[in-house]
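Novice: Structure provided below as structure tokens; questions to follow.
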Amino acid sequence: MKILGSMALVGVLGYLPGVSAAQAVQLTLAWDPSTSPSVGGYVLYYGHASRNYTDSIDVGDRIQYTLTDLEAGTAYYFAIAAYDTTRTIRSDFSNEVHYPALATSPNVSLESPTQGSFESGIGLIRGWVCQANTVEVRIDNGARWEVGYGTARDDTVEACGDSDNGFGYTINWNRLGDGPHTLRAFADGVEFANVDFTVTTLGVEYLQGASAEFVLPNFPSAGNDVAVRWSEPHQNFMIVDANRNSTDPRSIRTVSLAQFPAYLESPQQGSFESGIGLIRGWVCQASTVEIQIDGGARRRVAYGTTRPDTVGVCGDADNGFGYTFNWNRLGNGSHNVRVSADGVEFANVDFTVTSLGVEYLQGASGEFVLSNFPSTGNDIAVRWSEPYQNFAIVNGQASAR
């Protein structure tokens, strides 16, 4: 016996009387009846993970049921199974319904991490949402973190009608440890993304003192080689030359900066940047943070990301800022970024961009073993990641080829 047809979510009927919206929500579910003549009733299953149901209710022969004790803003997964009149035969689970419904509209996007991706070093959780008040992320069922939201994203104007829709959250993936992890993203409490990804570390949370440069042959095409160099601020490799000839970083230029608690973490003076990265840092008690690249227009960046490491300096934690940027758009060579908080400049750095000759490289693939890094006798493997337009570490102890 099996349930025929699909289970349909009717919708939220309202919050429980006398209970705050943050505590409980009332939800009615409905499903198509089984066509089997021997059906005796149904069991409603639900839980916080897909196909992992922790609760169940025998609802008898009803084809609609209202749950009255669900936590608002929390994800639930529902399925129905039918049983026969003797209660000895039970059907398979029906199709699964998720609440809040995962967004399928063109008004939201989690750009990284992506389903099945590899993450390494210091990276970014990024994407865009139209007209939200807050964006939050939750990793491995931990606490929700509010991320910086409101970055100017001109590419969202068509979908959203305006451009201040980007969000970004700087994260050191090494802190999660090697292996599979899950990330869920929420806009105004409604979940819009749920992805699984894999983290590869080099065995430490923050590798210091390492240095190395490698040539990766025949990438992105046969006969073309690229050079990558270890970047400690990124805890990853940056492309420093698309023609195997690496150059030394530029000399540091002294700049008179604002004397208040603020710090630009990336890019840094004389750094190499490649692929899709993040202009990131933190500022204590500002209203707005803006960036200016190569003397162009100022752009407002997402500000207010939870940064517990700034509590000692700022007295609170909502001080992070981040701006997702495709460095390839600037072209190869030297560039400059200036950052200001409430109109006062606090950072002015020069950096070098290396691209692979296109703004967004599509269809390329490649995995390379880098020998004797971060120490003699240790090899690691890196793989091309199209979403990052760069390489991600996929094995911290590879076998040399």
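Novice: Which shape class, rounded, prolate or oblate, goes with segment 315-356 when its Cα gyration tensor gives a ≥ b ≥ c as root eigenvalues, a/c under 1.5 marks rounded, and past that a/b bigger than b/c marks prolate?
Specialist: prolate
Novice: Follow-up. How far apart, in nm, are two points set 7 Å out from the Cα along the Cα-to-Cβ line at A159 and at Q285?
Specialist: About 3.7 nm, to one decimal.
Novice: Where both residues lie in segment 102-207, what percent of DSSP beta bridges are antiparallel, nearest 5?
Specialist: Of those bridges, close to 95 percent are antiparallel.
Novice: Over the chain, what is the relative contact order in whole percent, taking alpha-carbon pairs under 8 Å and six or more residues apart? Walk me through the numbers before you get to the answer.
Specialist: Details: 1032 pairs, mean separation 47.6, N = 401.
Relative CO of the chain lands at 12 percent.
Novice: Rounded, prolate or oblate: which one fits segment 260-372, using the alpha carbon gyration tensor with axes a ≥ b ≥ c (rounded when a/c is under 1.5, else prolate when a/b beats b/c, else oblate)?
Specialist: Prolate is the answer for segment 260-372, as a/c is 1.5 or above and a/b outweighs b/c.
Novice: For E359 and A30 in one chain, what is 0.36 nm times their gap in residues minus the Cα-Cα distance, to one decimal in nm? Write down the numbers at each step before the final one.
Specialist: Details: separation 329, 0.36 × 329 = 118.44 nm, distance 4.83 nm.
Using 0.36 nm per residue and subtracting the Cα-Cα distance, I get 113.6 nm.
Novice: Here's a follow-up. When Lys and Arg each count +1 and Asp and Glu each count -1, what net charge do the other residues less than 11 Å away from Y323, Cβ to Cβ, add up to?
Specialist: +4
Novice: In terms of the Cα gyration tensor, with a ≥ b ≥ c the square roots of its eigenvalues, is the chain rounded because a/c is under 1.5, prolate because a/b exceeds b/c, or oblate?
Specialist: prolate
Novice: Taking the Cβ of V289 as the center, what net charge do the other residues with Cβ under 9 Å away carry, scoring Lys and Arg +1 and Asp and Glu -1?
Specialist: Overall, the nearby charge balance is -1.
Novice: Still on this model: Say we join alpha carbon atoms closer than 10 Å with springs in a Gaussian network model of the chain; which of Y206, Y263, Y53 then has the biggest fluctuation?
Specialist: Fluctuation is largest for Y53.
Novice: For the pair N95/R62, report the inter-label distance in nm, with labels modelled 7 Å from Cα in the Cβ direction.
Specialist: For the pair N95/R62, the computed spacing is 2.3 nm.
Novice: Please give the charge dipole size of segment 249-353, origin at the Cα centre, charges +1 on K and R Cβ atoms and -1 on D and E Cβ atoms. Round to the nearest 20 debye.
Specialist: That gives segment 249-353 a dipole magnitude of about 280 debye.
Novice: Then there's this: Given springs between every Cα pair under 10 Å in a Gaussian network model of the chain, which of A210, A227, A187 has the largest fluctuation?
Specialist: A210
Novice: State the dimensionless ratio Rg/Rh of segment 102-207 (Rg: radius of gyration of Cα atoms; Rh: Kirkwood radius).
Specialist: Rounded to two decimals, Rg/Rh equals 0.99.
Novice: Using a 10 angstrom cutoff on alpha carbons, build the Gaussian network for the chain and name the most mobile of R299, R338, R90.
Specialist: R90
Novice: By counting other Cβ atoms within 10 Å of each Cβ, how are D350, D294 ranked from fewest to most?
Specialist: Listing D350, D294 from fewest to most nearby Cβ atoms yields D294, D350.
Novice: Give me I125, I171 ranked fewest to most by other Cβ atoms within 10 Å of their Cβ, as a rough exposure proxy. Write down the numbers at each step before the final one.
Specialist: Details: I125 27, I171 22.
So the residues, fewest neighbours to most, are I171, I125.
Novice: A further question follows. Under unit Cβ charges (Lys, Arg +1; Asp, Glu -1), what dipole magnitude, rounded to 20 debye, does the chain have relative to its Cα centre? Display every interim value, and only then the final one.
Specialist: Values: 24 positive and 43 negative charges, 57 e Å.
Dipole of the chain, to the nearest 20 debye: 280 debye.
Novice: Still on this model: Could you list T66, T54 so that the one with the fewest beta carbons within 10 Å of its beta carbon is first and the one with the most is last?
Specialist: Values: T66 13, T54 9.
Ascending number of Cβ neighbours within 10 Å: T54, T66.
Novice: Another question, then. Report for segment 249-353 the percent antiparallel among DSSP-assigned beta bridges with both residues inside it, nearest 5.
Specialist: Within segment 249-353, antiparallel bridges account for around 95 percent of the total.
Novice: Something else about it: What percent antiparallel are the DSSP beta bridges of the chain, to the nearest 5?
Specialist: Of all bridge pairs located within the chain, approximately 95 percent are antiparallel.
Novice: When Lys and Arg each count +1 and Asp and Glu each count -1, what net charge do the other residues less than 11 Å away from G304, Cβ to Cβ, add up to?
Specialist: -2
Novice: Could I ask something else about it? Taking θ = phi - 60°, what integer Hz values does the Karplus form 6.51 cos²θ - 1.76 cosθ + 1.60 yield along segment 49-55, in sequence order, with x for Gly and Pro?
Specialist: Karplus values, whole Hz, x for Gly and Pro: 9, 4, 6, 10, 8, 9, 10.
Novice: Something else now. Whose amide H sits under 5 Å from the amide H of G275, counting only residues 5 or more places off or on another chain, with H placed in the peptide plane?
Specialist: W327, N328
Quick note: the coordinates plus some simple rules give every number you see, no bench work behind them. If you're wondering where the values come from, they're calculated on a predicted model, not measured in any experiment. Every residue, glycine as well, gets a Cβ built from its backbone with ideal geometry; the counts of neighbours run over all protein chains shown.
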